[in-house]
Amino acid sequence: MSFLWLLRQKGKLVSLNIFKKQLIMTMDEFWQDRAIRLLQGRTIDKVTYITKEEANKRKWASRGLILTLSDGAEVTILSDDEGSNSGSVFYYMDEENLGVIPTI
């Protein structure tokens with residue numbers, strides 16, 4: 001894996017790797033690519049709520065889900081990009097099977 005330096009340039013991210021090659025992509029393309037590389041093809045092996053101790057340690061008022069993936073990585077849903085609190089999960093299967101898995 002190469003190291004990336006990211007610079008904003010006219011609404012796009014400019015990525016320079018250690019080989020000095022340049023790749024220009026939009027913010028949407030960058031984050032979509034990153035999400036695909038991190039999540040696609042993995043399965044959820046375990047679903048738990050964050051413990052009270054962990055929520056207190058992070059200074060969160062609520063506790064949300066931790067999804068443990070097949071490779072051992074953990075995904076936690078956040079209320080915002082800064083990680084200020086845990087977040088709820090919206091699910092949709094069809095018009096009759098939708099809802100929210102809340103924080104507790």
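Rule-based calculations on the coordinates, nothing more; no lab input. Worth saying up front: this structure is predicted, and the values here are computed from it rather than measured. Cβ: placed from backbone, ideal geometry, glycine included. Neighbour counts: every protein chain shown.
Give, as a single signed number, the net charge of other residues whose beta carbon lies under 12 Å from the beta carbon of R58, with Lys and Arg counted +1 and Asp and Glu -1. Mind dumping the intermediate values first?
Values: positive: K52, K57, K59, R63; negative: E53, E54, E82.
Surrounding charge for R58 is +1.
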* Say the dipole of segment 25-104 comes from +1 at the beta carbon of Lys and Arg and -1 at that of Asp and Glu; which of I104, Y91, I77 then lies farthest toward its positive end? -> I104
